[in-house]
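Throughout, read-outs are computed from the coordinates displayed, never taken from laboratory work. This structure is a prediction, so every number in the text was calculated from the model and none was measured. Glycine gets a Cβ as well: all are built from the backbone with ideal geometry, and neighbour counts include every protein chain shown.
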Amino acid sequence: MNHFEEEAWVDYLRQLVSAPRAAVMQQHLQSGCAHCENLNRAWQEILDVFSRDGDYNPPESSVRIVKAAFDIPQKIPFLQYATNLARAFAQCGGSALVSAPAAAGPGQEK
């Protein structure tokens, strides 16, 4: 018996397959293929969990704590400066800082 790939069952459950292919897959399930029935059931449970995930709203206090934890550049100005400097250095390939001639200091020859 030929089985369908897991990706095909996910597409079937999400109604992304053509009507003729869906009919063939439905007929395959009705033929009693335990392997594909198990795959279909497992993916249906997974998709059910994902569909409910959008209904979850965390408490505002938790959102505030997480946002504060990731707001480090605003709290540490030097870190923001260093991040910008690193980005600029990366954009120029590092060559601008490396190839620039050193300035002679007082009493030093150039």
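Modelled spin-label separation between Gln91 and Ala69, with each label point placed 7 Å from Cα along the Cα-to-Cβ direction: 3.2 nm.
Protection proxy ranking of 4-16, 54-66, by the mean of other Cβ atoms within 10 Å over each peptide's residues and highest first, is 4-16, 54-66.
The stretch between Ala19 and Glu37, if pulled fully straight at 0.36 nm per residue, gains 4.6 nm over its current Cα-Cα span. At 7 Å along Cα-to-Cβ for each site, give me the label-to-label distance between Tyr56 and Glu6 in nm. In this crude label model, Tyr56 to Glu6 measures out at 2.1 nm.
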